[in-house]
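Engineer: Below: one structure in structure tokens.
The values are calculated or read from the model by the stated rules, or taken from the named source; none is laboratory data. As the structure is a computational prediction, the values presented were derived from the model and not from experiment. Neighbour counts run over all protein chains shown; Cβ positions are idealised from the backbone, glycine included. Just so you know, the surface numbers come from the protein's heavy atoms only, side chains and all, with ligands and any DNA or RNA stripped out. Shrake-Rupley method; radii C 1.70, N 1.55, O 1.52, S 1.80 Å.
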Amino acid sequence: MNAEEIFRIIQRKKSFLCIGLDTDFKKIPKLLLDCEYPIFEFNKHIIDATEDLAVAYKPNLAFYEKLGTAGQMSLEMTVAYLREHYPNVFIIADAKRGDIGNTSQMYAHAFFKNLDVDAITLSPYMGRDSIAPFLETDGKWIILLALTSNEGSSDFQQLQLKNGMRLFEQVISTSAEWGTVNNTMYVVGATKAEALSGIRKLIPEHFLLVPGVGSQGGSLDEVAQWGMNDRCGLLVNASRSIIYADVTNKFEQAARQEASRLQKQMEGILQSRGLI
């Protein structure tokens, strides 16, 4: 799937919503706990309730790895379910990997060949050779951490360099040469929306994955104002605000209602920009 294909899905669904599957065993409805794989069952219900509203799904691997073998099985079953029933959605493994080249080759094989996701989040701070193995598989994407929304992001990401750039800007500028607009995205937190204008000057055509809208309080309107380009160029992620909108037996309806609210807002933004 290339950038133009993602944009066509955005146009068709009138949405640039990514739903994060940060599925916590302690928070899923009790009626699912008797299932053999309750995490998978929860994900399946969320996906079925929201697929027409979402362009992408993003399982956060920490929530699956915590559960050991059962968690890994639930992750694999979730990806397989999406592939079988909704083959046109974009699947992101939120893994935040980043290691020396030969280790990265193993990770690339695990995620792109075995698990068969479309994209993986990576830390670029070990440099080009830690990222290059992930770019060797055609049709797959890397999503590099650029400017995150956590409190500690200021510890390193916003350090001023001697050349006048901040560290995250240097990371973006340098790494943009490693791949292309058809295989490289960047993570920019929604709570850092004021930085999107400057980031767009560095990478005007790349897609951005923007978490932090919803429970973290990021503004969708501000993200679109500063981060959208002439091909939308955004996948905006919401996780807890959608999947835990309700924890009773009405969780599917509540998840759909919250996803629909965001999709309608996104539709209005896309219309105002003449993109649909």
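Engineer: Within the stretch 103-137, restricting attention to residues that are polar (S, T, N, Q) and open to solvent by less than 70 Å² (accessible area, probe 1.4 Å), which residue is nearest to Lys58 (Cα to Cα)?
Structural biologist: Thr121
Engineer: Right, here's the next one. Could you check the stretch 139-155 and list, in sequence order, the residues that are at negative phi and either at pLDDT 95 or above or among the small types (Gly, Ala, Ser) (or both)?
Structural biologist: Here is the first cut: in the stretch 139-155, the ones at negative phi are 140-155.
Selection gives Lys140, Trp141, Ile142, Ile143, Leu144, Leu145, Ala146, Ser149, Gly152, Ser153, Ser154.
Engineer: Turning to a different aspect of this structure: Which residue pairs have Cβ atoms closer than 8 Å, lie 6 or more positions apart in sequence or on different chains, and pair a first residue in the stretch 249-271 that is of a type in the set (Val, Ile, Thr) with a second residue that is surrounded by fewer than 17 Cβ atoms within 10 Å (Cβ to Cβ)?
Structural biologist: Short answer, once both residue conditions are applied: Ile269/Asp221.
Engineer: Does Ala62 count as open to solvent by less than 10 Å² (accessible area, probe 1.4 Å) and either farther than 26 Å from Gln257 by Cβ or in contact (Cβ under 8 Å) with a residue 40 or more places away in the chain (or both)? Full working, then the answer.
Structural biologist: On the way: open to solvent by less than 10 Å² (accessible area, probe 1.4 Å): no; either farther than 26 Å from Gln257 by Cβ or in contact (Cβ under 8 Å) with a residue 40 or more places away in the chain (or both): yes.
Taking the combined requirement at face value, the residue does not satisfy it.
Engineer: Follow-up. Only one of Glu252, Glu194 is within 28 Å of Asn43 (Cα to Cα) and not β-branched (Val, Ile, Thr). Can you tell me which? Reasoning before the result, please.
Structural biologist: On the way: Glu194 fails: within 28 Å of Asn43 (Cα to Cα).
Being within 28 Å of Asn43 (Cα to Cα) and not β-branched (Val, Ile, Thr) holds for just one of Glu252, Glu194, which is Glu252.
Engineer: With the condition kept exactly as written, say whether any residue in the stretch 42-51 is within 26 Å of Tyr107 (Cβ to Cβ), touching a residue at least 12 places away in the same chain (Cβ under 8 Å) and surrounded by 15 or more Cβ atoms within 10 Å (Cβ to Cβ).
Structural biologist: Looking through the stretch 42-51, at least one residue is within 26 Å of Tyr107 (Cβ to Cβ), touching a residue at least 12 places away in the same chain (Cβ under 8 Å) and surrounded by 15 or more Cβ atoms within 10 Å (Cβ to Cβ).
Engineer: Find the residue count for the stretch 98-133, including only residues that are in contact with a Phe, Trp or Tyr (Cβ under 8 Å, 6 or more places away or on another chain), outside any loop (DSSP other than H, G, I, E, B) and closer than 18 Å to Leu208 by Cα.
Structural biologist: 4
Engineer: Still on this model: Out of Gly227, Gly214, Gly198, I need the residue that is at pLDDT below 95, open to solvent by less than 40 Å² (accessible area, probe 1.4 Å), under 30 Å from Leu33 (Cα atoms) and not aliphatic (A, V, I, L, M). Which one?
Structural biologist: Exactly one residue qualifies, and that residue is Gly214.
Engineer: How many residues does the stretch 12-38 contain that are open to solvent by 70 Å² or more (accessible area, probe 1.4 Å) and either among the charged types (D, E, K, R) or touching a Ser or Thr at 6+ places or on another chain (Cβ under 7 Å) (or both)?
Structural biologist: Count: 7.
Engineer: Find the helices (runs of 4 or more DSSP H) located wholly in the stretch 153-246 whose residues include 2 or more that are under 29 Å from Ala108 (Cβ atoms) and more than 15 Å from the chain's Cα centre (by Cα), and list them.
Structural biologist: 167-175, 196-202
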